[in-house]
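One structure is given below, encoded as structure tokens.
The values are calculated or read from the model by the stated rules, or taken from the named source; none is laboratory data. A quick note: this is a predicted structure, and the numbers were derived from the prediction, not measured. Because the Cβ atoms are built from the backbone with ideal geometry, glycine has one as well, and the counts that use them run over all protein chains shown. Keep in mind that these areas ignore ligands, DNA and RNA; they rest on the heavy atoms of the full protein, side chains included. Shrake-Rupley method; radii C 1.70, N 1.55, O 1.52, S 1.80 Å.
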Amino acid sequence: MTPGVEAPQKLVGEPVRRVEDAPLITGAAKYLDDLELPGMAHVAILRSPHAHARITSIDTTKAAAHPGVIAVFTGRDFEHLPALPCAWQAGGVENFVNMPRALEIDRVSFTGAGVAAVVAESKYAAEDALELIEVDWEPLDVVVDAEQAAAEGALQLHENATGNIVMDWSCGEEQATEAALQEAEVVVRERLVNQRLIPTPMEGRGAAAEYEPATGNYTVWMTSQAPHIMRLLMTAFVFGIPETKMRCIALHVGGGFGTKIFLYPEYVLMAALAEKVGRPVKWVETRRENYAATTHGRDHVTYLEIGAKRDGTITALRAKTYANLGGVLSTIAPGIPTTLYGRMLSGAYRIPNIHCRVLGVYTNTGMVDAYRGAGRPEATYVVERAVDLLARELELDPVEIRRRNFIPPEDFPYDPGILRGLKYDTGDYEKALDRALEIVDYEGFRREQGEARRQGRYLGIGFSTYVEICGAAPSAWIGTVGEGWGASMWESANVRVHLTGKAVVTIGTQPQGQGHETTVAQVVASELGIPIEDVTVELGDTLGTPFGYGTYASRSAAVGAVAVYKSLQRIKEKARRIAAHMLEADAEDVVFEDGRAFVKGSPETGKTIQEIAGAAALGYDLPDGEEPFLDDTTYYDPPNCTFPFGTHVAVIEVDGETGEVALKRYVAVDDVGVVINPMIVDGQVHGGIAQGIAQALWEQGIYDENGQLATSSLMDYAVPKAGFFPPFEIDRTETPTDVNPLGVKGAGETGTIASTPAVVNAVMDALAPLGIRHLDMPLTPERLWRAMREAKA
């Protein structure tokens, strides 16, 4: 090291402030609605007021004559375009697929389906003209409940889906599980409802497009978590054009939570409209459109059976789940309740016999697809409620029944038997549990609870000892016919170190607030030994970035950042070879550390990465056979998923007079492997906890018997305020994964997955003296008040 020069700071593991925040908090960042294109027109979409109806005719004459209107279109204008593709179907079984179109032509199957579009000089003129479109509707009968829709003799929604079944899928050993339940010393059964949720990102959906007749090229801007996938699906499966003829751009995206992964009809519609009218067009949805026409989450009804010995050893678990998938399918809808739900029903436990059957069901409701956690929250809710119900039945401490069934650390990698070729990578579940118990002072709480019960107060504590699957990617697993995703899910990164030593990284993932630019820059700065200010991260544009499968399933670090890391290793190796030439030394004698390459034992006479980058870029004096420039691209396909875990604990009090739940404490001990930026991870955990608690206590998407969305605005859908929550007490254990060289697992969904059952278990613990065993979510004051009144009576 040159005297007087400080060693570069190792930034991985440090709470570095987010580098992308300056434009976001100063209003300089550009979102979809900020986009202005020369000659741009505005689009408004007429949506069905009926949940199920035939379209007899549509008269657009008056709308077309309205001032400012450029043109009005119906589904007939785009009937040459096929329905949108279903990219992920349930593997191993037949899927009866019905997908939306750019605009529906002759029938609608949910309220909010688009049937006509107005293109106008202003959004106000477009919206006004919608009122002038005359549609002759023939209303049809409606079914909104999944169990009713799947019952014999129910209303048939689609000709190709007998009994309204999208797919009848199962995993695990059916006969062995039945035998184990028959032999079990105790069997607990319960019906669990995981209610429909409506994702509520700060920014709704939007899209804009322009078309160049001379080249046949489309450019589509969109609020997307996966612009490369949007390009692939639109070009290959809808427009039938080469990928090179479409550029997809995601600007800043104001929250997604999964709901912006998918190919929506409006993305296709904007591209088609731009070609039709010969000028750029833009559409931005209202919040009511967002609630009615954007995908929803969850909506499972599960019949659970868990068998055990009297000492609490679990011997079997069986689940039959009705998954409501809506009136038509979203892009990856069948994959959520199958691969990401059914295959995770072992949780953190050794359960020798598991069987899950999932019936995907069509109803006259909005599309249901991935929402933060995507199948894992539903699975964790089933497993963690099952454990608590079993503890209650056996009169055992819910903590002890968890300990008795945990997968021990020495059993990893662990095959739960239902993951179809994958194994849990690493884990130490008791360590996280013990830390959570220490923080919450479990023994002290139980003493406090006993005193409170003597006073007639209802204090409760609830646990969720979860494990989730992250880093969705292994092509040999998820891309096989058996799992239903007809493609790989690797991730890409390009790293270029320019003449002055400044690094530019382009990645295929797409953030919606997660801090990708910061975490990726930390990895680059740490590995190359350069200031974080010298790293630029580029993303979101299919023209300028290598192909990537996008951001969801907590994969951006475990797959995307690892792709960056692998490129950095090759760049460092090349830098070492060039430095050896500059130092007139054998390459085997040169090492690269802390941003410098030097001969072993002589760090004072080395070359900095900046000097090496300059020599590489100039290129006139390089080792024989060495190419100029420090540049490398990686396409990384990991050998396994990663499996974060942890223990969350909720402490609550239920008001005996009103049924209101007060959150007293919330403790989260997560293990997400190596943490690149603890501040960003804490923020992810905080947000996830808030969303999971919201499901437990407040949020529910409700359709009435006519298929009308009763919770169609923020006046009706109960998104919580910050003041509803206590300060979250966050801690971590660290069990690095052996799947990737960074040791990272994934953190974006842990809070949502763990918090819902923790809070429900806490409420049921509080109400145990009243004999209340289970209530379905959301646990609103009214629901608890009625249950308590009935129990006391």
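Taken together, the residues in the range 592-604 that are basic (Lys, Arg) and under 19 Å from residue 501 (Cβ atoms) amount to 1. Considering the range 416-462, and only residues there that are touching a Leu at 6+ places or on another chain (Cβ under 8 Å) and not in a helix (DSSP H, G or I), the residue that is nearest to residue 376 (Cα to Cα) turns out to be 418. Among the residues of the range 132-151, those that are open to solvent by less than 50 Å² (accessible area, probe 1.4 Å), within 24 Å of residue 96 (Cα to Cα) and either touching a residue at least 60 places away in the same chain (Cβ under 8 Å) or not in a loop (DSSP other than H, G, I, E, B) (or both) comprise 140, 142, 143, 144, 146, 147, 149, 150. Only residues that are under 24 Å from residue 249 (Cα atoms) and among the basic types (Lys, Arg) were counted in the range 525-572, giving 1.
Of the numbered conditions (1) open to solvent by less than 10 Å² (accessible area, probe 1.4 Å); (2) touching an Asp or Glu at 6+ places or on another chain (Cβ under 9 Å), residue 539 fails exactly one; give the number of that condition. That leaves (1) as the condition not met. Answer yes or no as to whether residue 50 is open to solvent by 30 Å² or more (accessible area, probe 1.4 Å), in a loop (DSSP other than H, G, I, E, B) and in contact with a helix residue (DSSP H, G or I) (Cβ under 6 Å, 6 or more places away or on another chain). No; evaluated as a whole, the condition is false for this residue.
The residue list 166, 187 contains one member that is surrounded by 19 or more Cβ atoms within 10 Å (Cβ to Cβ), among the β-branched types (Val, Ile, Thr), in contact with a strand residue (DSSP E or B) (Cβ under 7 Å, 6 or more places away or on another chain) and outside any loop (DSSP other than H, G, I, E, B), which is 166. Scanning the range 570-585 turns up no residue that is closer than 30 Å to residue 750 by Cβ, open to solvent by 10 Å² or more (accessible area, probe 1.4 Å) and in contact with a Phe, Trp or Tyr (Cβ under 9 Å, 6 or more places away or on another chain).
Taken over the range 219-245, the criterion of being among the polar types (S, T, N, Q) and not in a loop (DSSP other than H, G, I, E, B) is satisfied by 219, 235, 244. What number of residues within the range 582-606 are among the charged types (D, E, K, R) and over 22 Å from residue 566 (Cα atoms)? Result for the range 582-606: 5. Can you say whether residue 372 is open to solvent by 10 Å² or more (accessible area, probe 1.4 Å) and either at pLDDT below 95 or more than 22 Å from residue 688 (Cα to Cα) (or both), as far as the supplied structure shows? Taking the combined requirement at face value, the residue does not satisfy it. The set of residues from the range 476-514 being open to solvent by 40 Å² or more (accessible area, probe 1.4 Å) and either assigned to a strand (DSSP E or B) or touching a Cys at 6+ places or on another chain (Cβ under 6 Å) (or both) comprises just one member, 496. Consider the range 65-78 and keep the residues that are in a helix (DSSP H, G or I) and open to solvent by 50 Å² or more (accessible area, probe 1.4 Å). The one that is farthest from residue 136 (Cα to Cα) is 77.
Taking the stated definitions as given, is residue 44 touching a strand residue (DSSP E or B) at 6+ places or on another chain (Cβ under 6 Å) and hydrophobic (A, V, I, L, M, F, W, C)? Answer is yes for this residue. Counting the residues of the range 646-691 that are over 17 Å from residue 721 (Cα atoms) and in a loop (DSSP other than H, G, I, E, B) gives 10. From 335, 360, which residue is within 14 Å of the chain's Cα centre (by Cα), open to solvent by less than 10 Å² (accessible area, probe 1.4 Å) and farther than 26 Å from residue 693 by Cβ? Matching residue, one of 335, 360: 335.
Yes/no per residue for (1) closer than 19 Å to residue 545 by Cβ; (2) under 24 Å from the mean Cα position of the chain (by Cα); (3) at pLDDT 95 or above:
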position	(1), (2), (3)
479	no, yes, no
486	no, yes, no
490	yes, yes, no
501	no, no, yes
504	yes, no, yes
511	yes, yes, no
520	yes, yes, yes
525	no, no, yes
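The set of residues in the range 190-229 that are open to solvent by 10 Å² or more (accessible area, probe 1.4 Å), under 18 Å from the mean Cα position of the chain (by Cα) and hydroxyl-bearing (Ser, Thr, Tyr) contains only 200.
Can you name the residue in the range 594-630 that is in a strand (DSSP E or B) and touching a residue at least 60 places away in the same chain (Cβ under 8 Å) and is also most open to solvent (accessible area, probe 1.4 Å) among such residues? It comes out as 608.
Mind checking whether some residue in the range 383-399 is crowded, with 24+ Cβ neighbours inside 10 Å and closer than 22 Å to residue 553 by Cα? So far as the range 383-399 goes, yes, one or more of its residues are crowded, with 24+ Cβ neighbours inside 10 Å and closer than 22 Å to residue 553 by Cα.
Over 30 Å from residue 419 (Cβ atoms) and in contact (Cβ under 8 Å) with a residue 60 or more places away in the chain: is that true of residue 590 in this structure? So residue 590 does not fit the description; no.
Looking at the range 720-732, is at least one residue crowded, with 21+ Cβ neighbours inside 10 Å, in contact (Cβ under 8 Å) with a residue 60 or more places away in the chain, on the phi < 0 side of the Ramachandran plot and part of a loop (DSSP other than H, G, I, E, B)? No, there is no match, as no residue in the range 720-732 is crowded, with 21+ Cβ neighbours inside 10 Å, in contact (Cβ under 8 Å) with a residue 60 or more places away in the chain, on the phi < 0 side of the Ramachandran plot and part of a loop (DSSP other than H, G, I, E, B).
Look at residue 238 and say whether it is touching a Leu at 6+ places or on another chain (Cβ under 8 Å), more than 13 Å from residue 549 (Cα to Cα) and of a type outside the set (Phe, Trp, Tyr). Criteria met by residue 238.
Conditions tested, residue by residue: (1) open to solvent by 10 Å² or more (accessible area, probe 1.4 Å); (2) in a strand (DSSP E or B); (3) under 30 Å from residue 216 (Cβ atoms); (4) in contact (Cβ under 8 Å) with a residue 24 or more places away in the chain.
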residue: 247; (1), (2), (3), (4): yes, yes, yes, yes
residue: 292; (1), (2), (3), (4): yes, no, no, yes
residue: 310; (1), (2), (3), (4): yes, no, no, yes
residue: 322; (1), (2), (3), (4): yes, yes, no, yes
residue: 351; (1), (2), (3), (4): no, no, no, yes
residue: 355; (1), (2), (3), (4): yes, yes, no, yes
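Each residue in the range 734-793 was checked for being within 27 Å of residue 395 (Cβ to Cβ), in contact with a helix residue (DSSP H, G or I) (Cβ under 6 Å, 6 or more places away or on another chain), open to solvent by 10 Å² or more (accessible area, probe 1.4 Å) and part of a loop (DSSP other than H, G, I, E, B), and 3 of them qualify. Of the residues making up the range 522-553, those that are touching a residue at least 60 places away in the same chain (Cβ under 8 Å), within 23 Å of residue 231 (Cβ to Cβ) and among the small types (Gly, Ala, Ser) number 4. In this entry, residue 589 is excluded by the filter for residues that are surrounded by fewer than 16 Cβ atoms within 10 Å (Cβ to Cβ), of a type in the set (D, E, K, R) and closer than 21 Å to residue 499 by Cβ.
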